[in-house]
Structures are given as structure tokens and as C-alpha cells.
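Reading through the C-alpha cells given below for one structure.
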Amino acid sequence: MSDLSVSLVTAAQLIVDGNASLFAIVERSLTVSAFAVLIGGAVGLLFGAWLGVARYPWRPAVLVVLNSLLAVPSVVVGLLVYLLLSRTGPLGFLGWLFSFPAMVFAQSLLVLPVVMALTRQVVESAEATHGEQWRSLGAGTLARAVLLAFDERHALFMVFVTAFSRAITEVGAVMIVGGNIDGFTRVMTTAIALETSKGDLPLALALGFVLLAVMLTLHGLAALVQYAKDTHKRVDAELHL
């Protein structure tokens, strides 16, 4: 049996046996990314929805900056957070460096522009279609932003799935600010990188399989939500014929 075959079989066995170290890393990864999406997503949703309906002279410049932030490498975000949280940094008094909160902070900054940019696109499209109706009812900018975001909640669910994907699959930021400490700040991506460099391919493969399963589950759920939305629209259309 080849080394690859042995590694694949051992990786599968680790998952089937419920290896404690493996699933502790998985749980930590899911928790960090979930908190990051809740925090960064909430802020991004609010500002993104507002940007989708607001009109102001410097709007084009804001959109250029926002879209540019989507391409910022995670290691740059990690470096920025490291400088903020280091002992001599402005937030050093928090003592967060190489801790769970530091990783959540870094990933929150990563998902923030993702949620803002995608929410802005969704709400702006809805504004072009339904904005006049809400304006005629006296809804102001903030009210329209909230109402249109609620109307497009199915599309925004996919935005949050995308944000979670961005968070849980990144490696640079959490490696820098978390330190990849075994049992404390080691997550799936950093563990995969470390175990591969050490030659422990079974654990790296097992984590890779679990990460892939998480992503397939999330996007499968998003597809079901979209299918339910399309079915609901079709039924409504048939009832009004």
C-alpha cells in the first residue's frame, strides 16, 4: 500500500473514531469563525445596507475603497491586528495577543468588507426595483435600508455563507495573531499547514476532509434556502394568475 493510501485510510479512521485532538481543532475553528461572522457581519450588514440606498458626493470613492478591501491578503490583516494588540500597540492593554479574542478580532476585520460589499450590491439592486415604493410611503434612507435588507434576507443568507467561508478557510491572520498554540489557538487551517510541514499527513488530510465537509454543508444549505425562495415565488405567481 502506498504512503498516500495509508495516509488516506488513517485520516478516515481519525474521523470515524472521533479523534479528540482532531475535533477539538474543528470545534475551535467553527467557534472562532462563527463569532467573527456574527460581529463583522452585523456591522457589515448595517453599513452595507445603508450604502446600498444612500446617495452622497463621495460615494464612488467609498465604493472603490470598499471593493479594494476585498482583495487585501489575510496576512496583512493579521499584521495590522498584531500591531494593534502588541504590548506597545494602542490595544495592548487588552492582553489579547495569541488568544481566542485576537483571532475573532482578525477574522471580523476580514469578513467586514465582504459583508459590506455584497450587502451593498444586494440592497442597491432591491432599491432600484422597490425603492420608489418605500419612498412613496415616506420611508427615509435608514428605514429603506432595513426594509430592503429584510426583503432580501434569502440573498443575504448567502452573503453570510460567503463571509463564513472567507473566515474559516483563511490561515494568515489567525496564524499571526493566534500563534497556532496547541490546545488554545490552533484551528483547522493553521493545523493543516503545521502538520503538513511536520509530515503528519493523516491529521492534515483528516482536517482537510472535515473542512471540505463543512463548506459543502454550508453551501448545500444555501442552495436549499434559494430553492425554497424560488419555489415560494413560483407558488405565489401561480396563485395570482
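Calculate how large, on average over all directions, the projected area of the Cα convex hull of the chain is; give the answer in nm² to one decimal.
Working: hull surface 71.1 nm².
Taking a quarter of the hull surface, the average projection is 17.8 nm².
Could you calculate the FRET efficiency of PHE209 with VAL75 from 1/(1 + (r/R0)^6), where r is the beta carbon distance between them and R0 is 25 Å, rounded to 0.05?
Details: r = 25 Å, r/R0 = 1.01.
Rounded to the nearest 0.05, the efficiency is 0.50.
Taking 0.36 nm per intervening residue step and subtracting the Cα-Cα distance, what contour gain separates ASP151 from THR129 on full extension? Before the final figure, lay out the partial values.
Working: separation 22, 0.36 × 22 = 7.92 nm, distance 1.16 nm.
Result: 6.8 nm gained on full extension.
Counting other C-beta atoms within 10 Å, which of ASP230, ASP3 has the fewest, and how do the rest follow?
Working: ASP230 11, ASP3 8.
In order of increasing Cβ crowding within 10 Å: ASP3, ASP230.
Roughly how compact is the range 1-70, stated as its Cα Rg over 2.2 N^0.38 Å to two decimals?
Values: Rg = 21.9 Å, N = 70, 2.2 N^0.38 = 11.1 Å.
That works out to 1.98 for the range 1-70.
Say each of GLN121 and ALA24 gets a label point 7 Å from the Cα, pointing the same way as Cα to Cβ; how far apart are those two points in nm?
4.0 nm
With springs connecting C-alpha atoms under 10 Å apart, model the chain as a Gaussian network and identify which of ILE168, ILE181, ILE25 has the largest mean-square fluctuation.
In this elastic network of the chain, the residue with the biggest mean-square fluctuation among ILE168, ILE181, ILE25 is ILE181.
Run the Debye formula on the Cα coordinates of the range 68-107, all scatterers equal and no solvent, and tell me log10 I(q)/I(0) at q = 0.34 1/Å.
-1.14
Take the alpha-carbon centre of the range 82-149, take the same for the range 173-241, and report the distance between them in whole Å.
21 Å
Sort the range 162-209 into rounded, prolate or oblate with this rule: let a ≥ b ≥ c be the square roots of the eigenvalues of the Cα gyration tensor; rounded if a/c is under 1.5, and if a/c is not under 1.5, prolate when a/b is larger than b/c, oblate otherwise. Walk me through the numbers on the way to the answer.
Numbers: a/c = 2.17, a/b = 1.27, b/c = 1.71.
Here the range 162-209 falls in the oblate category.
HN-Hα J couplings of the range 23-31 from phi, Karplus 6.51/-1.76/1.60, θ = phi - 60°, integer Hz, Gly and Pro as x?
Listing the rounded values in order: 7, 5, 5, 4, 4, 5, 4, 5, 5 Hz.
Once the Cα atoms of helix 100-136 and of the chain are each reduced to a long axis, what angle between those two axes, in degrees from 0 to 90 to the nearest 10, is obtained?
For helix 100-136, the angle is close to 20 degrees.
Name the residue from TYR56, GLY89, LEU46 whose Cα lies farthest towards the positive end of the charge dipole of the range 3-236, charges +1 on Cβ of Lys and Arg and -1 on Cβ of Asp and Glu.
TYR56
For the chain, modelled as a GNM with alpha-carbon contacts under 10 angstrom, which of LEU212, LEU30, LEU137 fluctuates the most?
Of the options given, LEU137 has the highest mean-square fluctuation.
Under 11 Å from the Cβ of ALA206, count the other residues' Cβ atoms, weight Lys and Arg +1, Asp and Glu -1, and hand me the total. Let's see the in-between values first.
Details: positive: none; negative: ASP17, GLU195, ASP200.
Surrounding charge for ALA206 is -3.
With r as the distance between the Cβ atoms of LEU194 and LEU38 and R0 = 30 Å, compute the FRET efficiency 1/(1 + (r/R0)^6) and round to 0.05.
Details: r = 27 Å, r/R0 = 0.91.
Result of the calculation: an efficiency of 0.65.
Cα atoms only: what Rg and Dmax, in Å, come out for the range 54-181?
Cα-based Rg and Dmax for the range 54-181 come out at 17.9, 57 Å.
Taking the chain as the reference, fit the longest principal axis to its C-alpha atoms, fit the long axis of helix 74-85 to the helix C-alpha atoms, and give the angle between the two in degrees, 0 to 90, nearest 10.
90 degrees
No solvent, one uniform scatterer per C-alpha: report log10 I(q)/I(0) for the range 51-119 via the Debye equation at q = 0.11, 0.16 1/Å, two decimals.
For the requested q values the scattering log ratios are -0.35, -0.65.
For the chain, set up a GNM with springs between Cα atoms under 10 Å and report which of SER197, SER29, SER86 has the largest fluctuation.
SER197
Any idea what angle helix 188-198 forms with the longest principal axis of the chain, computed on alpha-carbon atoms, 0 to 90 degrees, nearest 10?
Roughly 30 degrees between the two axes.
Readers should treat all values here as calculations from the given coordinates under stated rules, not as data from a laboratory. Quick caveat, the model's predicted, so the values are computed rather than measured. FYI the Cβ positions are ideal-geometry reconstructions off the backbone, even for glycines, and counts take in every protein chain you see.
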